[in-house]
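Shown next, in structure tokens, is the structure this report addresses.
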Amino acid sequence: MKTIMNAGLLFAATVILLLTPQAAPGDELKLVIGSKGFTEQKILGHIMIAILEKNGFQCVDKTGLGGTSVLREALLKRQIDICMEYTGTALSVHLNIGESVTDPQQCYDRVKKEDLERHNLVWLPPLTFNNTYCLMMRRTESEKLGIETLSDLSKYAYRHPAEFTFGLNAEFFTRVDGYPSLQHAYKLKFSRDSIIKMSIGLLYKALGEDLLQVALGYATDGRIKAYDLLPLEDDKHFFPPYNPAPVLHRDVVEKYPQLEEIFKRLVEKLDTDAMVELNYKVDIEGIPARDVARRWLRRVGLL
């Protein structure tokens, strides 16, 4: 009788196991990857996806979500698990730290500490390149007018206000570390009529084709080289460092402690020259960001 009961229990347990959905291999290693909408961010997002998949993770692709505030909101609401953010953006915009921090390590340390204390967010080690904002001119025009720095630009624009149209995007026009503070720091005197807002992607082309005299850009953008533009020196060190780093919630890091080691491998490989090249391939050669990311990872032995 005991044997029959044991057999019955074994049969029932087997039936339950067969009817209960079983987790597929790798389901536990699952992350949602987000990025902003511009080229460099899409490339960084696809680099993260590829390197995570290489290490056994299943990744949900939410690259190209939108602007800075959209990505931050998605992270805070846990609609994404991880993204690359820039230290200077977190310092000025997300954490609203008013003081100037120009040293890259100090900026990273401050952001890492504050974001963990306030939002339980962990910043993994940053990449070495600095994608700071810059104001650009055509190289030939810069040389002709003798404008090499933002102070030079301010002095010339003050004497010749009618000669300049200044292109920027809507986000930079209003953000804390953007145009209002820059205007105050350098005493820039652009009239409202001379300021033209357009998407960041169009600014390089408009400047290169002499439709603008000055434009906002990113220091690692490949289009600077393509259009022979000159980033003007930020001689008053207005802009903080903008080193990108993976950002994620503390519990995600605790669940997957291997993430820090996985992303550390990028630090040695993805420097300024490499990032400029990757941006160039997407924006000038028209290669999709996903393909550019994966080809580079294979070339440097990370994929």
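What follows is calculated from the coordinates using simple rules that are stated; it is not laboratory data. Just so we're clear, the structure is a prediction, and the values are computed from it rather than from any experiment. Cβ: placed from backbone, ideal geometry, glycine included. Neighbour counts: every protein chain shown.
Think of each Lys and Arg Cβ as +1 and each Asp and Glu Cβ as -1; about the Cα centre, that makes the dipole of the chain roughly 660 debye. Listed by Cβ neighbour count within 10 Å, with the fewest neighbours leading, LEU116, LEU248 appear as LEU116, LEU248.
With the convex hull drawn over the C-alpha atoms of the chain, the volume per residue is 152 Å³. Potential lengthening of the chain between GLN105 and ARG139 amounts to 9.1 nm, from the contour at 0.36 nm per residue minus the alpha-carbon distance.
Ignoring the sites themselves, the chain has its longest run without GluC sites (Glu not before Pro) in a DSSP loop having at most 16 other Cβ atoms within 10 Å at 29-98. Summing charges over neighbours of ARG294, with a neighbour being any other residue whose Cβ is under 11 Å away from its Cβ, gives +3 when K and R count +1 and D and E count -1. The alpha carbons of segment 77-135 stretch over 34, 21, 21 Å along the principal axes, in descending order. Projected over every direction and averaged, the convex hull enclosing the alpha-carbon atoms of segment 133-227 yields 5.6 nm². Determine the relative contact order of the chain: mean sequence separation of Cα pairs under 8 Å and six or more apart, normalised by residue count, in whole percent. Relative contact order, the chain: 26 percent.
Applying 1/(1 + (r/R0)^6) with r as the Cβ-Cβ distance of THR174 and LYS30 and R0 = 35 angstrom yields a FRET efficiency of 0.45.
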